Amino acid sequence: MISTAMDPALLEHARAAKGFMPDDEGLLLFRRALQQLPTGPALEVGTYCGKSAIYLGAAAREVDGTVFTVDHHRGSEENQAGWEHHDTSVVDPEFGLMDTLPTFRKNIARAGLEDQVIAVIGKSLPVARHWQTPLSLLFIDGGHGEEPARNDYAAWVPKIQSGGLLVIHDVFPDPADGGRPPYEQIYLPALASGDFTEVEALGSMRVLQKS
């Protein structure tokens, strides 16, 4: 029988992983992935250290599904030196560049999700150009600048299958709450396209379903 509650051990792994997602938003990902994965794979854009991938992977383990994560693992704009979310513990000393891949791999291995979560190492646009498999769920949590957000929308949203979900993180309608690009470059264009209906909002997470 499929459990609709996340495995407590996996929840602890998710909580322990570096990242910026509160429990309630992570559990939304788990719940929605549980619903969608029987109809096709899920894909997240923006992996960082794997926190959200554990929530998605926990659902995949319940329903024998697959989650792909796309990231170059060099960090988004807001993760670079001098920015608020820079973390020196994930900087490669040889190259002086961020490298979150080793941390991600350890987190997924510790959670026992290597069969469910498949890392695609590369920049979003080149990967998207060659991606052909329809997605049951697309989770966009990549670069939060205007251009990265706009590019992720244009490159990946057309790959969502009919009835599939677009899940967007860090959507802030009020500028006082946070950065605007996920709201302006992903959320609003998706609604304006007429192809999507909003079906859930929680914190900064928005869930839209494709008609």
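So for 105, 74, 180, what's the accessible-area order with a 1.4 Å probe, most first? Before the final figure, lay out the partial values.
Details: 105 145, 74 90, 180 60 Å².
Sorted by accessible area, descending: 105, 74, 180.
Suppose all protein chains stay in the model; what accessible area per residue would a 1.4 Å probe give for the chain, in Å²? Working shown, then result.
On the way: 9780 Å² over 211 residues.
Counting only protein heavy atoms, the per-residue value for the chain is 46 Å².
Hey, how much of the P(r) for the stretch 129-209 falls beyond 14 Å, as a percent of Cα pairs? Walk me through the intermediate numbers first.
Details: 1901 of 3240 pairs.
Of all Cα-Cα distances in the stretch 129-209, 59 percent exceed 14 Å.
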Problem - Percent carbon-and-sulfur accessible area, the stretch 6-70, ignoring ligands, DNA and RNA, probe 1.4 Å - result: 52 percent
Exercise for the section: Divide by every residue of the chain the summed helix terms, -39500 (n - 2.57) for each DSSP H run of at least 4, and state the resulting mean residue ellipticity at 222 nm, rounded to the nearest 500 deg cm²/dmol. Expected result: -9500 deg cm²/dmol
Practice task
Can you check what the net charge comes to around residue 200, using other residues whose Cβ is under 12 Å from the Cβ of residue 200 (Lys, Arg +1; Asp, Glu -1)?
Solution key: 0
Fill in the blank from the handout: Long-range amide H partners of residue 68, meaning residues 5 or more apart or on another chain whose placed amide H is closer than 5 Å, are 42, 43, 44, 118
Practice task
Excluding residues fewer than 8 places away in the same chain, name every one of the lysines whose C-alpha is closer than 20 Å to that of residue 123.
Solution key: 51, 159
Exercise for the section: Might you work out the accessible area of residue 118 for me, using a 1.4 Å probe with all protein chains in place, and round it to the nearest 10 Å²? Expected result: 70 Å²
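The values are calculated or read from the model by the stated rules, or taken from the named source; none is laboratory data. Computed from a prediction, not measured in an experiment: that's the story for all the values here. In this analysis, Cβ positions are derived from the backbone assuming ideal geometry, glycine residues included, and neighbour counts consider all displayed protein chains. For the accessible areas, the whole protein counts, side chains as well, though only heavy atoms, and no ligand, DNA or RNA atoms are used. Shrake-Rupley method; radii C 1.70, N 1.55, O 1.52, S 1.80 Å.
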